[in-house]
Structure formats: C-alpha cells, structure tokens
Amino acid sequence: MGKKSAPRRLAENEARAYGRLIRTSPQKINLVAQSIRGMDCEKALSELTFSKRRIAGEVKKVLQSAIANAENNQQLDIDRLYVAEASAGRDLVMKRWRPRARGRVGRIFKPFSNLTIVVREREETA
C-alpha cells in the first residue's frame, strides 16, 4: 500500500550528478561549467584538470560522479558520454560583517552554489 514511485525525470541515455553547498558564487562556477558544456567527458575532465580556476576541482568531482552514475546505475558506455547540461544555481548565503569607520558596518556576503551536470550517451552513427 506504499506510494507509487515517481517517473524518471531523465531519459534512458542520461545520468545526472548534483553538487550542493559549493563554496563559491554561481557566477564563478558557471564560467567553468560553460567551458565544458557539449564536450566529450574525457576532454572535459582533462580541461578541468589543467584549469587555473580554483573551483575547477569541485566541478571535476561532480563530473566524475555523473560519469560513475552513468556507468553503474544506467549501464551506459563511458566512451560515448558527453556533457549535455552543466548549470549552476544559488544556494545559501552566509552574511558576515566587518567594522568600518565611525561605527558603521561593511557587509560581507559569502555565497554558496549548487551545480548540476547531466551526461548523455551519443547515438551510434552507422
């Protein structure tokens, strides 16, 4: 008498990984995500490995997780995977303050981000 399972939101040839509470702004993480959209997964991993941006390591972890989900949960061929979607969104913002002159306050916002990466298997070309 349990609840019916929800239908799968992704197609059968897709897998997703979701990174939460990544300590950077969505704008900065989106710059890295934009650089790997549409790339083959192998090429995207090497791009992230040698990127100079600090957050590229976190994006690489989420991409590796998406590849592992595709291989283990969906039984997809990892040689034909590419990054179909990579999007960043806002999460919580820690608000801090720093004392300034004449009793005033300088506000400091420390944003966190979410990252969603969807990998898709390329169709076989005959």
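Using Cα pairs under 8 angstrom and six or more residues apart, how large is the relative contact order of segment 57-126, in percent?
Details: 93 pairs, mean separation 26.5, N = 70.
Result for segment 57-126 is 38 percent.
Using the Karplus relation 6.51 cos²θ - 1.76 cosθ + 1.60 with θ = phi - 60°, the per-residue 3J(HN,Hα) values for segment 80-93 come to 9, 7, 9, 7, 7, 9, 8, 9, 10, x, 6, 10, 5, 10 Hz, with x marking Gly and Pro.
Surface composition of segment 38-126: carbon and sulfur atoms hold 46% of the protein heavy-atom accessible area at a 1.4 Å probe.
To the nearest 500 deg cm²/dmol, what mean residue ellipticity at 222 nm is calculated for the chain from DSSP H runs of n ≥ 4 alone, each contributing -39,500 (n - 2.57), summed and divided by the residues?
-9000 deg cm²/dmol
Rounded, prolate or oblate: pick one for segment 1-61, where a ≥ b ≥ c are the square roots of the eigenvalues of its C-alpha gyration tensor, a/c under 1.5 means rounded, and failing that, prolate if a/b is larger than b/c, else oblate. Prolate shape, in that a/c is at least 1.5 and a/b is the bigger ratio. Per-residue Karplus couplings for segment 103-110, computed as 6.51 cos²θ - 1.76 cosθ + 1.60 with θ equal to phi - 60°, are listed in order as x, 8, 10, x, 7, 10, 9, 10 Hz, Gly and Pro entered as x. With a 1.4 Å probe and all protein chains left in place, how much accessible area per residue does segment 21-99 have, in Å²? In whole numbers, segment 21-99 has 63 Å² accessible per residue.
Separation of segment 1-73 and segment 82-124, taken as the distance between their Cα centroids, equals 15 angstrom.
What is the Cα radius of gyration of segment 1-112 over 2.2 N^0.38 Å, N being its residue count? Write out the running numbers ahead of the final one.
Details: Rg = 18.6 Å, N = 112, 2.2 N^0.38 = 13.2 Å.
Cα-based Rg divided by the globular estimate yields 1.41.
Judged by the ratio a/c of the largest to the smallest principal axis of the C-alpha gyration tensor, segment 51-124 counts as prolate, that ratio being 1.5 or greater while a/b is larger than b/c.
Computed packing ranks the peptides 103-114, 52-63 as 52-63, 103-114, most packed first, by mean other Cβ atoms within 10 Å.
The values are calculated or read from the model by the stated rules, or taken from the named source; none is laboratory data. The structure displayed is predicted, hence computed values, not measured ones. Positions of Cβ are generated from backbone atoms using ideal geometry, with glycine treated the same way; all protein chains shown enter the neighbour counts. Remember, those area values only see protein heavy atoms, side chains included, never the ligands or the DNA or RNA. Shrake-Rupley method; radii C 1.70, N 1.55, O 1.52, S 1.80 Å.
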